[in-house]
Amino acid sequence: MMKNSNIDKLAKDILKSSYLEITDPDFNVTTMKKILRESRKQRVLENILLCFLVFVAVDSLIFLVLWLSGLNIFELTIRLIGMPHEILFHIEKLKNSIIENSFIKYVMLSFGGIMVLLMIIESKLKLLEKPK
Amino acid sequence: MDDLYLKLVLEGNTSKFSYFIEKYKGMAFSIAFRIVNNREDAEEIVQDAFLKAFRSLDKFRKDSKFSTWFYRIVVNSSLSRARNKRPELSSIDEEDITDVVVESVESAYSSLDLSDQKKFVHLALEELSIENRLLLTLYYLNENSIDEITEITGIAQENVKMKLHRARNKMYKILNRNLKSEIQSLL
């Protein structure tokens, strides 16, 4: 009776010849390209999150400081500050157009700023990471 | 070595991932090919598997070897691709093989040159079911342990042993039949 280990050994020898190679010579390069692209996407996503968090934190801090100083920017008037009329008139106008009249506009502008920032970051990353 | 490169990649040195591609692409391709039975599909699966592995690299807990974890991704991707493609083949009976069968395969197989050996093994594997091909590839070609095969395929340990035994017997029977008919055609 043939030993099971011998049958196994023969099976192993036989199956060794079933090993296959990838014939595409560019396989490594194309795979690495995909991975680097993925890596960039992940970083951009992380940057979006980071920028958003920084944006929220900085804005909250500004609102807090103003609130602690007894100023509420939503009720900001020229008389309350007592600064030159022309400058504050323009600030007031800008404030009205982006905050009071449409808060969404303000948010969109902020996101627009973030997107520009991210595009700059992404183009920097593209320059930094080139596949082998 | 895998751990070192894993650390480097996780630290942001993405280009070091090429180490894993170079090391595991061959075996991953053999596994994928045995399941989908098509070169192009297998290459695509391996590429996607590397991408999936990279995406979830931070979730790899090191409870097992990187290769085991990665081959599981390859097997799952291949199985989902193969599921809708073709029916399983396996008409060979499951009785135990005799020493005569093994000895006859051994002598006929060793008399073949390398390219014919490859051809006959390939033909025999093609006749087996996907599961049988996969188990034989993992155990005999990749030399994975039963525990690792359990982890890669999700088949219970006891079933792996039994299925492996049956798969090996079937392979011998198919090889014996094919080799016999080849010899007869030569005479």
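Where a number appears in this text, it was derived from the coordinates with a stated rule and is not lab data. Model, not experiment: these values are computed from the prediction. Cβ atoms come from the backbone with ideal geometry, glycine included; neighbour counts cover every protein chain shown.
Numbers below:
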quantity	calculated
When each of A:Lys9/B:Lys52; B:Lys52/B:Lys161; A:Lys12/B:Lys7; A:Lys34/B:Lys7; B:Lys25/B:Lys65 is checked by Cα-Cα distance, pairs over 23 Å	A:Lys9/B:Lys52; B:Lys52/B:Lys161; A:Lys12/B:Lys7
Residue-averaged beta-carbon neighbours from other chains (10 angstrom radius) around B:102-115	2
Shielding by partners, peptide A:22-28 (average Cβ within 10 angstrom, other chains)	5
Residue-wise HN-Hα coupling along the stretch A:22-30, computed from phi with Karplus coefficients 6.51, -1.76, 1.60 (Hz; x: Gly, Pro)	6, 8, 5, x, 9, 3, 4, 5, 5
Alpha carbon centroid spacing (whole Å) that separates the stretch A:17-46 from the stretch B:105-136	31 Å
With Cα atoms, 0 to 90° folded angle of helix B:157-186 axis to chain B main axis	50 degrees
Per-residue average of Cβ from other chains inside 10 Å of B:134-140	3
In degrees, nearest ten, helix B:114-127 long axis to first principal axis of chain B (Cα)	90 degrees
